[in-house]
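What follows is a set of notes on a single structure, which appears directly below.
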Amino acid sequence: MSLEAPEPSTHADVGVTEEGLDYDALESLLGDAVIGRETHVNAEAFVVRPDRVANALSVLKEEAGFDHCSCVTAQQYEDRYESIYHLKKYDDPTQEVGVVVPTSVSKPASQSGESVYRTADWHEREAYDLVGIDYDDHPDLRRILLPETWQGHPLGLNYDQEQHQVVPLTEHANPLQEDHQEGADTMFLNVGPHHPATHGVLHLKTTLDGEQVADVESDIGYLHRCEEQICQQGTYRHQIMPYPDRWDYISAGLLNEWAYARAAEDLADLDVPEYAQIIRTMSAELCRIASHLLAVGTFAIDVYGDFSAIFMYAFRDREVVQNILEDLTGQRMMFNYFRLGGVAWDLPEPREEFFEKTRDFLDELPTRLEEYHNLISSNEVLQLRCVDTGIIEPEVAKDYGCTGPVARGSGVDYDLRRDDPYGYYDQLDWDVITEGGCDNYSRVLVRLREVEESAKIIEQCINLLEEWPEDEREIQSNVPRTLKPDADTEIYRAVEGAKGELGIYIRSDGTDTPARFKIRSPCFSNLQALPEMAQGEYVPDLVAALGSLDIVLGEVDR
Amino acid sequence: MSSHNQDTTGAQTTQEARMGEGVDDRFNSKLREAFGSSPFILTKFDSFMNWVRGSSMFMLQFGIACCSIEMMHTYAVKHDLDRFGSGVPRASPRQADVIIVPGTIVSKFAPRMKRVYDQMPEPKFVVSMGSCTCSGGPFQEGYNVVKGAEEVIPCDIHVPGCPPRPEALIYGIVKLQERIAKGETSPVTVKPYELEEFGDLEDDELVQHLADQIDEEDLVMRYNWAESP
């Protein structure tokens, strides 16, 4: 609840020293599973034998305290396939380590990490789907984003994009036909992919026992629009930046752009002027407010009913934020405002008008928030629906790699803005919000209270910007016209997006486009935890749990 | 008149306040005045039906991607699409007249969208919103992206933009209403991708390869990425 980092846990933290991680100590911990070492920009990585993956991961998790498997990246080289497990600690995300698992081209199979980190389940399915690596002992290795009948693995090197594909409609199982799945009392029910409560195009295969959810399985991929392929085709300097806006499209554009900007700037070793960092911090927090408002508004729809007052209130306030952002960036939603090394342009002239407009919004916000609290958090109906429903315990949340308001609603004190500082956050006075309820109610409360914190940050940024000397307003550093980072440089960097840890893995091959561009989406991991929250609950609580996760399918499917 | 209420409190009821004094003339609207003394108008039945259709459209509550956020803003306060008689979102396709297609359509979703469209009752209209539904937009080169909604269902109005502003969407919908009111029909469009039974597909290598995975009677959509426009 403060800027102080939480107390380190009781793990035996092998290799933790004053100067950073002692990777040699970690390597000796892994023993003969390690067959090499790689140096990535963010951390060292151990090359591990494909048949010892679970063992190596389990040692790193249990004995060295790496309890957060934030991402699994798969890629194909000319001579091998490779899976990289990016591990971190929830207590201190600056302590990172990579586990690289090479496999042969002829038979790309390695051991699954699912038994160690639950979150690896979906990540490995995605790796199988898009790149074509097999994972032994994986409980359920099927395609996840593309249809079951898809031919080839599109992010592999030999994929023919022009071949025909046949997509069947069979997944629309007739609910009456599949009536009795186990025993006499269960019923199969499709929710989605076109359903108002799924916030987009998500398909939930639910098995009901009476009115309770016996089993729920998310079927995703209805908005898989090849973001990674498109980014791999674009040049670093300008062609990639428009796309992050479209991952998490709920006005969180600038937060996403920052994820790419941070990864690429660290990869190519670019500086960002302080003035630009303040503008970035301010505008990103405006985006966070807009995003949380929509989350709260649509959650109210899910819980109360069709197009209710709260939805209209939230959209009224979003319009104000969008107007401010439009003044700044020229666009309501797809901002494309950040540049590598800074931002596109300075604040709009006359600056006083912009400051006044933003201040008016901030001054109004406490009253608006009070109104939200009256309508939402102190509303008895909502409390009955949300308190103690959709429970996810902190340890389970960590196992699934949950981040953002979902983790913080379960009391996991993890916020990259404070724990892995970037931008101007570490110079400002604000708090990380956590709630210990672990239920739907806590998650909504976290979002509402984070809006207050964001407002605090924006206000401080405005004060700084207002007093900044006119001749020192440097908005971009000197960036080469064509960026060509050194060949085989690898980096995984994350920022705190609206939904949680939004990470980017980039591998460069010496050209002006990335060889591999992997997006670690917070919604992808958060959604994976849905069965834990919904099983045994009533159907309406499933909908409430889904709403409180605040997923956006553009980011889940990418 | 509820004299009982007046006896106890002396205050007006809501109903009394609405009725006002004197003769009840709530139903004598401006329109009625325009008709004059006769309560009848003379018009062709078709024109009347078209005018009715264009003036009261139910939208399908159908969100796909980024554009659906701007679509929600169009429905919500400030832009309030309902002012134009066309903004009541219906969650079921069986109750909807118009489907706004707001976002990128990918291979897995196209058959489902076609199914939703088929479930809407005639006459039905389609507004394709955003560049993705015009051509695939920024994702046109993706291996999984259908190059526009028109590949799957016929479209009446295209609203380009990424995403279009709410004003642009309102303009597109009002244009559609005008066209419906005038009785104009949509141009016939070519749809390369249809739902068909697997057994009816041309028997080539791919179909033979998939034969043990898909039943003969299953509906499938076959994508020809090389030849789609």
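The values are calculated or read from the model by the stated rules, or taken from the named source; none is laboratory data. Source: prediction; values computed, not measured. Here the Cβ positions follow ideal geometry from the backbone for every residue, glycine too, while neighbour counts run over all protein chains shown. With ligands, DNA and RNA removed, areas are computed over all heavy atoms of the protein, side chains included. Shrake-Rupley method; radii C 1.70, N 1.55, O 1.52, S 1.80 Å.
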Cβ-based charge dipole, the stretch A:375-463, positive-most Cα from A:TYR400, A:VAL381, A:VAL412: A:VAL381
Accessible area drop of at least 30 Å² (1.4 Å probe, protein heavy atoms): which residues of the stretch A:221-239 qualify, relative to the chain alone? A:TYR222, A:LEU223, A:HIS224, A:ARG225, A:CYS226, A:ILE230, A:GLN233
Take the stretch A:371-425, compute every pairwise Cα distance, and split them into 10 Å bins from 0; I just need the percent in each bin. 22, 33, 32, 13, 0
Applied in sequence order to the stretch A:461-470, the curve 6.51 cos²θ - 1.76 cosθ + 1.60 (Karplus, θ = phi - 60°) yields integer Hz couplings, x standing for Gly and Pro, of 5, 4, 4, 5, 5, 5, 8, 5, x, 5
Charge tally in the Cβ shell below 10 Å around A:TYR422, where Lys, Arg are +1 and Asp, Glu are -1, A:TYR422 excluded: -1
Cα-based equivalent ellipsoid, the stretch A:227-557: semi-axes from gyration tensor eigenvalues, Å: 33, 25, 16
With the full set of protein chains present, the residues of the stretch B:101-125 whose 1.4 Å probe accessible area falls by 50 Å² or more relative to the chain alone are B:LYS108, B:PHE109, B:ARG112
Of the listed peptides A:96-109, A:290-303, A:371-384, what is their order by residue-averaged count of other C-beta atoms within 10 Å, with the highest listed first? A:290-303, A:96-109, A:371-384
With viscosity set to 0.692 mPa s at 37 °C, what whole-number translational diffusion coefficient in µm²/s follows for the stretch B:127-229 from Stokes-Einstein and a Kirkwood radius over Cα pairs? 207 µm²/s
So what is the relative contact order of the stretch A:16-136, in percent, for Cα pairs below 8 Å that sit 6 or more residues apart? 23 percent
Can you work out ³J(HN,Hα) from phi for every residue in the stretch A:48-60, in order, using Karplus 6.51 cos²θ - 1.76 cosθ + 1.60 and θ = phi - 60°, giving whole Hz and x for Gly and Pro? 10, 5, x, 8, 10, 5, 4, 4, 5, 4, 5, 5, 5
Starting from the Cα gyration tensor of the protein assembly as shown, multiply each eigenvalue by 5, take the square root, and state the resulting semi-axes largest first in whole Å. 44, 34, 27
Note: the stretch B:45-181, point scatterers on Cα, Debye, no solvent; log10 I/I(0) at q = 0.20 Å⁻¹ equals -1.17
Quick one: Cα convex hull volume of the stretch A:458-507, Å³ per residue? 122 Å³
Accessible area buried at the A-B interface, both sides summed, 1.4 Å probe (Å², nearest 100): 5300 Å²
For the protein assembly as shown, the accessible surface attributable to carbon and sulfur atoms (probe 1.4 angstrom, ligands and nucleic acids excluded) amounts in percent to 47 percent
Looking only at lysines whose Cα falls under 22 Å of A:LYS484's and that sit 8 or more positions away or on another chain, we get A:LYS518
Net dipole in debye of the protein assembly as shown [+1 Lys, Arg Cβ; -1 Asp, Glu Cβ; about Cα centre; nearest 20]: 2920 debye
Residue pairs, from the table A:LYS398/B:LYS114; A:LYS357/B:LYS108; B:LYS147/B:LYS175; B:LYS44/B:LYS78; A:LYS357/A:LYS398; B:LYS78/B:LYS182, whose Cα atoms sit over 32 Å apart: A:LYS398/B:LYS114; A:LYS357/B:LYS108; B:LYS44/B:LYS78; A:LYS357/A:LYS398
Charge dipole of chain A built from unit charges on the beta carbon (Lys, Arg +1; Asp, Glu -1), centred at mean Cα; most positive-end Cα among A:THR170, A:GLN476, A:TRP122 is A:THR170
Cα extents of the stretch A:503-558 along the three principal axes, largest first (Å): 54, 16, 12
Starting from 0.36 nm per residue, how many nanometres of slack lie between A:HIS164 and A:ALA309 once their C-alpha separation is accounted for? 47.4 nm
In whole Å, largest first, the alpha carbons of the stretch A:19-96 cover along the principal axes 37, 24, 21
How large is the accessible surface per residue of the protein assembly as shown, computed with a 1.4 Å probe and reported in Å² as a whole number? 39 Å²
Determine by what factor the alpha-carbon radius of gyration of chain B differs from 2.2 N^0.38 Å, reporting the quotient. 1.41
Relative contact order [Cα under 8 Å, 6+ residues apart], chain A, whole percent: 17 percent
Interface call, the stretch A:276-319: threshold 50 Å², probe 1.4 Å, accessible heavy-atom surface of protein chains, chain by itself vs complex, result A:PHE307, A:MET312, A:PHE315, A:GLU319
Check B:GLY103: other-chain or 5+ apart residues with amide H under 5 Å from its amide H, H built from backbone geometry? B:ALA65, B:MET129, B:THR133
